1. Which pairs have Cβ atoms under 7 Å, sit 6 or more apart or on different chains, and link a residue in the range 77-101 that is surrounded by fewer than 24 Cβ atoms within 10 Å (Cβ to Cβ) to one that is hydroxyl-bearing (Ser, Thr, Tyr)?
2. State all residues of the range 1-17 that are under 18 Å from Arg63 (Cβ atoms) and out of contact with any helix residue (DSSP H, G or I) (no Cβ under 8 Å at 6 or more places or on another chain); if no residue qualifies, say none.
3. Of all residues in the range 18-39, how many are of a type outside the set (A, V, I, L, M) and out of contact with any helix residue (DSSP H, G or I) (no Cβ under 9 Å at 6 or more places or on another chain)?
4. From the set of residues in the range 159-189 that are in a helix (DSSP H, G or I) and among the hydrophobic types (A, V, I, L, M, F, W, C), which is farthest from Leu25 (Cα to Cα)?
5. Before we move on, is Thr156 part of a strand (DSSP E or B) and not charged (D, E, K, R)?
6. Select from the range 48-59 the residues that are touching a Lys or Arg at 6+ places or on another chain (Cβ under 9 Å) and either charged (D, E, K, R) or in a strand (DSSP E or B) (or both) and list them in ascending order.
7. Please go through the range 161-189 and pick out each residue that is modelled with pLDDT under 95 and hydrophobic (A, V, I, L, M, F, W, C).
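The values are calculated or read from the model by the stated rules, or taken from the named source; none is laboratory data. Treat the numbers as computed from the prediction; the structure is a model and nothing was measured. Note that each Cβ is placed from the backbone with ideal geometry, even for glycine, and that neighbours are counted across all protein chains shown.
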Amino acid sequence: MTDTDLDGRRVLAIVTNYGVEQDELVVPVRRLREAGATVDVAAVSADAIRTLVGDKDPGETVRPSLTLADADPAGYDLLLVPGGTLNADSLRLDDDALDAVRSFTSSGRPVAAICHGPWALVEAGVVKEKTLTSYLSLRTDIRNAGGTWEDRPVVTDDAGGWLLITSRNPGDLEDFLREIGKALTSAGS
């Protein structure tokens with residue numbers, strides 16, 4: 001991704017206000033914005049988002065753009081679902097977050113989820129017959145939900161009429177961001 005590659009593209013990132021893995025939120029948001037995309041971060045509440053590093057150490061504080069309840073998924077080209085165990089475990093219980101996932105998948109727009117982020121996809125019931133990756137501990141949940149789990153840095157799958165991009169952890173961010181860039185560039189053509 002280079003500056004202005006993604007002009008006019010809109011990305012919605014969904015998180016809770018505590019426990020999102022810092023680099024899985026901050027790095028994609030920064031890089032996508034640098035490439036010209038508009039990125040909104042929707043959190044459960046309008047309060048500051050307290051990120052964590054490695055699920056335990058305090059990370060950066062991020063201001064949400066809006067709340068999950070106020071987000072209109074129809075106005076975005078791609079959904080970003082960062083991980084962090086605490087974030088992902090709470091996010092999968094939030095009806096607005098699950099509605100956002102279903103809105104993207106039912107309309108054929110891409111979803112990108114990293115680390116524990118695919119838990120929201122499992123809960124939303126959208127991984128059946130999809131091939132994806134995640135943090136290792138989610139593989140049984142994904143298989144039980146009808147998906148195929150693979151241990152690779154990034155997995156893309158366009159089965160079912162929508163593109164799913166997944167990665168395992170922050171160490172895979174370069175591959176993850178490359179595939180997000182491709183998806184957003186294709187969305188603009």
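1. Partner pairs satisfying both residue conditions: Leu86/Tyr18; Ser90/Thr16.
2. Answer for the range 1-17, where residues must be under 18 Å from Arg63 (Cβ atoms) and out of contact with any helix residue (DSSP H, G or I) (no Cβ under 8 Å at 6 or more places or on another chain): just Asn17.
3. Going residue by residue through the range 18-39, those that are of a type outside the set (A, V, I, L, M) are 18-19, 21-24, 28, 30-31, 33-34, 36, 38.
Applying the additional criterion that residues be out of contact with any helix residue (DSSP H, G or I) (no Cβ under 9 Å at 6 or more places or on another chain) yields 30, 33-34, 36.
Count: 4.
4. Looking only at the range 159-189, we keep the residues that are in a helix (DSSP H, G or I), and these are 159-161, 170-187.
From what's left, among the hydrophobic types (A, V, I, L, M, F, W, C): 159, 173, 176-177, 180, 183-184, 187.
Details: Ala159: 26, Leu173: 10, Phe176: 12, Leu177: 12, Ile180: 14, Ala183: 18, Leu184: 17, Ala187: 22 Å.
Restricting to residues being in a helix (DSSP H, G or I) and among the hydrophobic types (A, V, I, L, M, F, W, C), the top hit is Ala159.
5. So Thr156 fits the description; yes.
6. Within the range 48-59, the subset touching a Lys or Arg at 6+ places or on another chain (Cβ under 9 Å) is 48-49, 58-59.
Within the range 48-59, Ile49, Pro58, Gly59 qualify.
7. Selection gives Ala187 alone.
Results for (1) loosely packed, with under 15 Cβ neighbours inside 10 Å; (2) free of Cβ contacts under 8 Å to residues at least 24 places away in the same chain, shown as yes or no for each residue.
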{"position": "Ala112", "(1), (2)": "no, no"}
{"position": "Cys115", "(1), (2)": "no, no"}
{"position": "Pro118", "(1), (2)": "no, no"}
{"position": "Gly146", "(1), (2)": "yes, yes"}
{"position": "Val154", "(1), (2)": "no, no"}
{"position": "Asn169", "(1), (2)": "no, no"}
{"position": "Asp175", "(1), (2)": "no, yes"}
{"position": "Glu179", "(1), (2)": "no, no"}
{"position": "Ala183", "(1), (2)": "no, no"}
